[in-house]
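Chemist: My questions all concern the structure below.
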Amino acid sequence: MRVGVMVGEGTGAAPSIPGILERTQRAEELGIDSAWIAQIAVDAMTAAAAAGARTSRIELGTAVVPTFTRHPFTMAQAAASAQDASGGRFTLGIGLSHQMVIEGMFGLSYEKPAAHMREYLEVLAPLARGEELVHQGDRYTARIQGIFRTGVSFPVLIAALGPVMLRLAGSLAGGTITWAAGLRTLGDFVVPTLRQAATEAGRPEPRVVAGLPVVVTGDLAHARERAVEVFGHYKAVPSYRAMLDREGVEGVEEIAVLGDEGKVRAELGRLADAGVTDLCVFPFDAEPGSGDRTLELLGSLGQTT
């Protein structure tokens, strides 16, 4: 299992390009396999391209860029640019976002989100392979000939939680990025649903990038309190609420991996046994120094598990 870390928002870290670059460089120095950037206050692909120019080994990925707000060609163009800037170390993570964001913030329709994602991938997937494209569909028109830099390819992952989206992630993309999915949900639902879809489509083994809060700490009670403060708002988001209900827990803090180095190492091993191929760790400070201890442990696990 490859070990990655969220270097963008989501952990209480400052949402700035300099901060993202600093955290990415540190993750690379520690031996962590991948760095993931959220599309919240900054443009994630711009940040990934900048990080690609400042690093040499670490994988860079978006977790995730909303699809409704970009035509698939502009998404592919930005992703290819990030891939070029990073020397082939970029992975594009995309997602639907949430109805309250797409309709409430942007005033766009969130109607039939799964159908939207299917057609989006019909356009994006050939471009992600570095191919030209002519497409006329219900939602998108794309006549991409002679203006796209062919030959520059990049992997695509989808934020998928429900069964329909997981089947799309397995059949039309390279796998999924999850958040608010606990160990049982990952092992009993996410992994088998995704693998079955990939097998039926004749695709390679899919990636399962599991986003989870992780902290090395000696004070479990305080760590849980901090986890509620940092991650408590996610339980009110419908798609995450559904995953927490499936797991049988009230909030994200209940699926966080907390404890000393030995306990955290063992819990992460259980995730690997469940079929998780990659971690996207959301580190947070439960006490002074706990964030550093967490990153150091992750670095010791990188490229080895």
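Computed from the coordinates by the stated procedures, all read-outs in this text should not be read as laboratory data. Every value quoted in this text rests on a predicted model; they were computed, and no experiment measured them. Ideal geometry is used to build each Cβ from the backbone, glycine not excepted, and the neighbour counts take in all protein chains shown.
Chemist: Residues in the range 16-51 that are of a type outside the set (A, V, I, L, M) and within 17 Å of the chain's Cα centre (by Cα): how many?
Modeler: Of the residues in that region, 8 qualify.
Chemist: Take residue 199 and tell me if it is outside any loop (DSSP other than H, G, I, E, B), under 19 Å from residue 273 (Cα atoms) and not aromatic (Phe, Trp, Tyr).
Modeler: The answer is no for residue 199.
Chemist: Next question, about the same structure. Quick one: what pairs do we get from the range 120-139, first residue without any contact (Cβ under 8 Å) to a residue 40 or more places away in the chain, second of a type in the set (D, E, K, R) and surrounded by 15 or more Cβ atoms within 10 Å (Cβ to Cβ), C-beta under 6 Å, 6+ apart or different chains?
Modeler: Matching pairs, first to second residue: 137/119; 139/119.
Chemist: Oh, and also: Working only within the range 277-305, note down all residues that are farther than 18 Å from residue 226 by Cβ and of a type in the set (S, T, N, Q).
Modeler: 277, 300, 303, 304, 305
Chemist: Quick one: residue 67 ticks every box in (1) touching a residue at least 60 places away in the same chain (Cβ under 8 Å); (2) in contact with a strand residue (DSSP E or B) (Cβ under 8 Å, 6 or more places away or on another chain); (3) crowded, with 20+ Cβ neighbours inside 10 Å except a single one, so which number is it?
Modeler: The number of the failed condition is (1).
Chemist: Take residue 107 and tell me if it is closer than 28 Å to residue 237 by Cβ and free of Cβ contacts under 8 Å to residues at least 12 places away in the same chain.
Modeler: When the stated conditions are applied, residue 107 passes them.
Chemist: Test residue 52 against the stated conditions and say whether it is touching a helix residue (DSSP H, G or I) at 6+ places or on another chain (Cβ under 9 Å), touching a residue at least 24 places away in the same chain (Cβ under 8 Å) and outside any helix (DSSP H, G or I).
Modeler: No; evaluated as a whole, the condition is false for this residue.
Chemist: Okay, next question. Being buried (at least 21 other Cβ atoms within 10 Å of the Cβ) and out of contact with any strand residue (DSSP E or B) (no Cβ under 7 Å at 6 or more places or on another chain) is the filter; apply it to the range 181-196 and report the residue that is farthest from residue 235 (Cα to Cα).
Modeler: The selected residue is 185.
Chemist: A follow-up question, please. Considering only the range 154-180, state which residues are more than 20 Å from residue 123 (Cβ to Cβ), crowded, with 18+ Cβ neighbours inside 10 Å and either of a type in the set (Ser, Thr, Tyr) or free of Cβ contacts under 8 Å to residues at least 40 places away in the same chain (or both).
Modeler: Residues satisfying the conditions are 166, 178.
Chemist: Mind checking which residues of the range 106-149 are of a type in the set (Ser, Thr, Tyr) and farther than 14 Å from residue 74 by Cα?
Modeler: 109, 110
Chemist: Does residue 246 satisfy being surrounded by fewer than 19 Cβ atoms within 10 Å (Cβ to Cβ) and in contact (Cβ under 8 Å) with a residue 40 or more places away in the chain?
Modeler: Yes, satisfied.
Chemist: Grab the helices (runs of 4 or more DSSP H) fully contained in the range 222-305, keeping just those with 1 or more residues being within 17 Å of residue 7 (Cα to Cα) and over 20 Å from the mean Cα position of the chain (by Cα).
Modeler: In the range 222-305, the matching helices (runs of 4 or more DSSP H) lie at 290-301.
Chemist: Can you name the strands (runs of 3 or more DSSP E) wholly within the range 66-179 that have at least 3 residues being farther than 28 Å from residue 54 by Cβ?
Modeler: Per the criteria, 133-136, 141-144.
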